[in-house]
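Just so you know, all these numbers are worked out from the coordinates, no wet-lab data involved. Just so it is clear, the model here is predicted, and its values are computed rather than measured. Here Cβ is always computed from backbone atoms with ideal geometry, including for glycine, and neighbour counts include all displayed protein chains.
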Amino acid sequence: MAKTAKDKKKKKIIIFSALGALLVIIIIAVIIGSKRDEVIVVQTEEVERRNLTQVVEATGKIQPQTQVKINAEVSGEIIELPVEEGDGVKKGQLLVRIKPDQYIAQKDQGVANLKRSKAMLVQREADFRKVENEYRRVQELHEKGLVSVAELESGKSLYEIAKAGVDAARFDVQNAEATLSRAREDLAKTAIYSPINGIVTQRISKLGERVSGSSFTQGTEIMTVSDLSVMEARVEVNENDVVLISIDDTARIDVDAYPDQEFLATVYQIANTASTRGLGTQEEVTNFEVRLIVMVGGKEFRPGMSCSARIETDTRHDVVSVPLQSVTTRDKDRWRDEDMETDDTYADVTIEGITERDRPGREKTQEVLFVVREGLARQLPVTTGISSDQYIEIREGLETGEEVIKGSYRAISRELKDSTHVRVDNAVSPRNLFSN
């Protein structure tokens, strides 16, 4: 019995010892495994030389370059409207006639007032000549001592009054002429003629409708006449991109109405003033309008068609380039402790109020990319140039023949560091290159 108890105790000791040894082995394995570098799966592409074209993309509308809004300049009822929307018109063709009756009456009244003013002027001039002759006679008599000074002064006063009457009559004639001219101009404005050859692209008013017009305010809009032979694309360009665009830059236009055709265009105008939407909100956007002459190519464009433009702002030939997603940024870390041990630029200098973050020459980030060398990701600082929709120019820091990492996005932007172990797998689906 005592032997059995002793055997059981011995057996327990062996079991617990074995369990303890197993636990120690597991802990050691975990520690060793945790010290191993994680291997990150990446996708790569060989660095090559390419021709790159920098492109600014924008969206907007197709509009005629020449578009005239026809507004009423006088008030009245439309009695003639001989054109319909879509009709072609020639320069000088009648577009609208407004009832002219009241303006004819005003013109006739102006003619009568002018005649009356001219007749009054003739009468005043005759009276003046009579008074002038009498005044000269009084002057001669005064010189001979036959009339008194009082009589001379009285004659002078009558002379000056008659002269002022003539001047007033002349002013009345001028005023009547101006009134008649304005009446004739208003009468002429009752008939509106096309200022250009074009198409009636919009007709707002109808026959019999009353319109209002004034010399001081914009009158009722009646219709729009457009020259559809020369069309333009008016696109909105972000403030960061507009500085890249220059007059005469070439562009390629996609019009939604013609999905299978691309149109060439040329930049001819860049707005100097921005237009801002959502001012004061988180959605605030500042854009500049850029206008491009479009080579229509026989297609029928209509004002207001939606379009997108790819404006080619710069082209460079035979440059080192990598995929856009290969370039990322990293902190420069110039002021790490280990660097300070070898960089004694500021070793003996203390500047009050300046932190390491503010030291001269410090830059927060550096553009970098990663290449694969002997199974390791090597971080290379680079200087970039222009970019196309797929590739970006590398001006400094990289040569052709290297194997540059282009995916995944998570690896490039977050995970990779210099000397990280990587495994290349270029069989991955392209959609996973940008996965998080």
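Count Lys and Arg as plus one, Asp and Glu as minus one, and take only other residues whose Cβ is under 11 Å from that of I204; the net charge is then 0. Comparing G92, V138, V41 along the charge dipole axis of the stretch 26-160, the residue lying farthest to the positive side is V138, per the Cβ-charge model.
Neighbours of P303, meaning other residues whose beta-carbon lies under 13 angstrom from its beta-carbon, give a summed charge of 0 when Lys and Arg score +1 and Asp and Glu score -1.
Taking amide H positions as modeled 1.01 Å from N, with prolines and chain starts lacking one, the residues under 5 Å from I392 and 5 or more places away or on another chain are V322, L324. Pairs of Cα atoms nearer than 8 Å and 6+ residues apart set the relative contact order; for the stretch 100-189 it is 54 percent.
The 3J(HN,Hα) values that the Karplus relation (6.51, -1.76, 1.60; θ = phi - 60°) gives for the stretch 314-326 are, in residue order, 6, 9, 10, 10, 6, 10, 5, 9, 9, x, 3, 6, 6 Hz. Gly and Pro appear as x.
A Förster radius of 22 Å combined with the Cβ-Cβ distance from T250 to T59 puts the calculated FRET efficiency at roughly 0.75.
Pair-distance distribution P(r) for the stretch 100-189, from all Cα-Cα distances in 10 Å bins starting at 0: 18, 29, 20, 16, 10, 5, 1 percent.
Computed about the Cα centre, the dipole magnitude for the stretch 226-317 is approximately 120 debye when only Lys and Arg (+1) and Asp and Glu (-1) carry charge, each at its Cβ. Pairs from the list K118/K144; K69/K299; K61/K99; K61/K206; K91/K118 with a Cα-Cα gap above 30 Å: K118/K144; K61/K99; K91/K118. Under the criterion of Cα pairs below 8 Å and six or more residues apart, the relative contact order for the stretch 169-229 equals 35 percent. Put simply, the amide H of K332, placed in the peptide plane, has neighbours under 5 Å in T365, Q366, leaving out anything fewer than 5 places away on its chain. In sequence order, the stretch 182-190 has phi-based couplings of 5, 5, 5, 5, 4, 4, 5, 6, 6 Hz under the Karplus curve 6.51 cos²θ - 1.76 cosθ + 1.60, θ = phi - 60°, and Gly or Pro positions carry x. Over all other residues within a Cβ to Cβ distance under 13 Å of Q218, the charged ones net out to -1, with Lys and Arg as +1 and Asp and Glu as -1. From the Cα gyration tensor of the stretch 208-312, with a ≥ b ≥ c the square roots of its eigenvalues, which class applies: rounded if a/c is under 1.5, or else prolate if a/b is larger than b/c, or else oblate? It is oblate, given that a/c is not under 1.5 and a/b is not larger than b/c.
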